[in-house]
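Have a look at the structure below, then the notes.
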Amino acid sequence: MLNIGAHISIAGGYENAAKNAFDIGANTFQFFTRNPRGGKARALDRDDIEKTEKFFEENGIKNILAHAPYTLNMASNNESTREFASEIFRKDLDILNEIPCNLYNFHPGSYTKDTLEIGTSRIVDILNSQIKEDDDTFILLETMSGKGSEIGRSFEELKEIIDRVNLKDKMGVCFDTCHVYCAGYDIVNDLDSVMTEFDKVIGLDRLKAIHLNDTQNDFNTNKDRHAKIGEGFIGNEAIIRFINHETIRNLPILLETPNELDGYRKEIEFLRDNYKY
Ligand code: FE
Ligand code: FE
Ligand code: ZN
């Protein structure tokens, strides 16, 4: 069965989010650990967590994905921005150790006025100071489109970070189709080569989740604007090929398309209808 979900709000609690996901035909979902612009995380509610665990068990939900806020920038040249990133990252991992969520995705960061090398070192320093041996969540670097000074536009940039993390068993990658295509990897015309390249550079064993989005911008534009499935430059045909690809088809796939729940429901239905396994 296709392991697919969408971005769901946890404003009403985790169990409520899981039910909303289930209602639209999803068997996984993604949520922001806190307001996407930063801000406070919701207080842990033991009762909600227990109910969520029960709901997951009863409905075969696993591999849900937490997304860090967009304001988290470990590579920034601004010290207080880095301190904020470090603190939020640690606090998020503490929360995720308590709830039934095993994947945490974040944008590696932007080096702003410095260099790729300096930015990369800053990310690595924070990861090495904050990740603990007993954290039970996979930490995923998201593939980025490469706008501005964004780190993670190439598989090599992600590999460099992973290589320098001490507890690298906990590190993985979340592959965003919109970002990867706009970063110049041709998943439309040559998916096999892109995945072979991923395997060669990072290793497919690190690939833990997919963000499935179409794009409002064309190939290699280094822009980041998601489109609904089939309504962008990637198109339905390439998307169907993608979800059925042997390297992708068993992974959790999360939609981040510009939709409300009903739009997600339709996309999930379309993708399930076109899944061959
Ligand atoms: Fe993201
Ligand atoms: Fe994404
Ligand atoms: Zn994006």
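The values are calculated or read from the model by the stated rules, or taken from the named source; none is laboratory data. Keep in mind the model is a prediction, meaning the values are calculated, not measured. Note: ideal-geometry Cβ built from the backbone for every residue, glycine included; neighbour counts use all protein chains shown. These area figures cover heavy atoms from the full protein model, side chains too; ligands, DNA and RNA do not enter into them. Shrake-Rupley method; radii C 1.70, N 1.55, O 1.52, S 1.80 Å.
With a Förster radius of 30 Å, plug the Cβ-Cβ distance of Glu237 and Tyr70 into 1/(1 + (r/R0)^6) and report the FRET value to the nearest 0.05. Don't skip to the answer; put the middle values down first.
Numbers: r = 31 Å, r/R0 = 1.03.
That gives a FRET efficiency of 0.45.
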FRET efficiency for Arg42 and Asn189, Cβ-Cβ distance as r, R0 = 35 Å, nearest 0.05? 0.20
Can you give the Rg/Rh ratio of region 1-160, where Rg is from the C-alpha atoms and Rh is the Kirkwood radius? 0.99
Order by accessible surface, 1.4 Å probe, largest leading, for residues Ser129, Ser145 comes to Ser129, Ser145
Give a residue-ordered list of calculated ³J(HN,Hα) values for region 67-79 (Karplus: 6.51 cos²θ - 1.76 cosθ + 1.60, θ = phi - 60°; whole Hz; x for Gly, Pro). 10, 5, x, 5, 6, 6, 10, 5, 9, 4, 7, 9, 4
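Starting from the alpha-carbon convex hull of region 65-197, give the projected area averaged over all orientations, in nm². Intermediate results must be reported in sequence, preceding the final value.
Working: hull surface 31.4 nm².
Over every viewing direction, the Cα hull of region 65-197 projects on average to 7.9 nm².
Please give the per residue accessible area of the chain, computed with a probe of 1.4 Å over protein heavy atoms only, in Å². Intermediate values should be presented prior to the final figure.
Values: 12060 Å² over 277 residues.
Counting only protein heavy atoms, the per-residue value for the chain is 44 Å².
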By accessible area of protein heavy atoms, probe 1.4 Å, what ranking do Thr71, Thr177 get, highest first? Thr71, Thr177
In order over region 35-43: 3J(HN,Hα) from phi, Karplus 6.51/-1.76/1.60, θ = phi - 60°, whole Hz, x for each Gly or Pro, gives 2, x, 8, x, x, 7, 7, 5, 5
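What is the gain in length, in nm to one decimal, between Asn128 and Asn250 on full extension, counting 0.36 nm per residue of separation less the C-alpha to C-alpha distance? Don't jump to the answer; show the numbers that get you there.
Numbers: separation 122, 0.36 × 122 = 43.92 nm, distance 3.00 nm.
My answer for the length gained is 40.9 nm.
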Over region 4-273, what per residue volume does the convex hull of the Cα atoms give, in whole Å³? 114 Å³
Do any GluC sites (Glu not before Pro) in region 52-143 lie in a loop, going by DSSP, with at most 14 other beta-carbon atoms within 10 Å of their beta carbon, and if so which? Glu133
The long-range amide H neighbours of Phe138, using H built 1.01 Å from N in the peptide plane and a cut-off of under 5 Å, are Leu103, Tyr104
Using a 1.4 Å probe and ignoring any ligands, DNA or RNA, find the accessible area of Ile239 and quote it in Å² to the nearest 10. 0 Å²
At 1.4 Å probe size, what's the solvent-accessible area of Ile24? Round to the nearest 10 Å². 10 Å²
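Over region 4-273, with every protein chain in place, what whole percent of the accessible area is carbon and sulfur at 1.4 Å, could you tell me?
Here carbon and sulfur together make up 44 percent of the probe-accessible area.
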Just how far, in whole angstrom, is region 59-132 from region 203-249 if you go by their alpha carbon centroids? 23 Å
Residues with amide H under 5 Å from that of Leu255, placed H, sequence gap 5 or more: Gly5, Ala6, His7, Leu212
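Normalising by the residue count of region 97-151, find the relative contact order in percent from Cα pairs under 8 Å and 6+ residues apart. It would help to have the intermediate numbers written out before the result.
Working: 55 pairs, mean separation 32.0, N = 55.
Contact order relative to length: 58 percent.
Expected output is a single nm value to one decimal: the length gained when fully extending between Arg225 and Tyr277, i.e. 0.36 nm times separation in residues minus the C-alpha distance. What is it? Display every interim value, and only then the final one.
Numbers: separation 52, 0.36 × 52 = 18.72 nm, distance 3.01 nm.
Full-extension gain reported as 15.7 nm.
Which order do you get for His245, His67 if you rank them by accessible area with a 1.4 Å probe, largest at the top?
Numbers: His245 25, His67 0 Å².
Largest accessible area first, the list is His245, His67.
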For region 174-213, averaging the sequence separation of alpha carbon pairs under 8 Å that lie six or more residues apart and dividing by its residue count, the contact order in percent is 67 percent
Just how much of Lys54 is accessible, in Å², when a 1.4 Å probe is used and the result is rounded to the nearest 10? 130 Å²
Output the pairs from Lys159/Lys223; Lys62/Lys132; Lys51/Lys276 with a Cα-Cα distance over 30 Å in this structure; if there are none, say none. Lys51/Lys276
Report, in deg cm²/dmol and to the nearest 500, the calculated mean residue ellipticity at 222 nm for the chain, where each DSSP H run with n ≥ 4 adds -39500 (n - 2.57) and the sum is divided by the residue count. -12000 deg cm²/dmol
Amide H within-cut-off set for Arg153, under 5 Å, with H built and near neighbours excluded: Met144
HN-Hα couplings for region 175-187 via Karplus (6.51, -1.76, 1.60; θ = phi - 60°), in whole Hz with x for Gly/Pro, come out as 9, 9, 4, 4, 5, 4, 5, 6, 7, x, 9, 7, 6
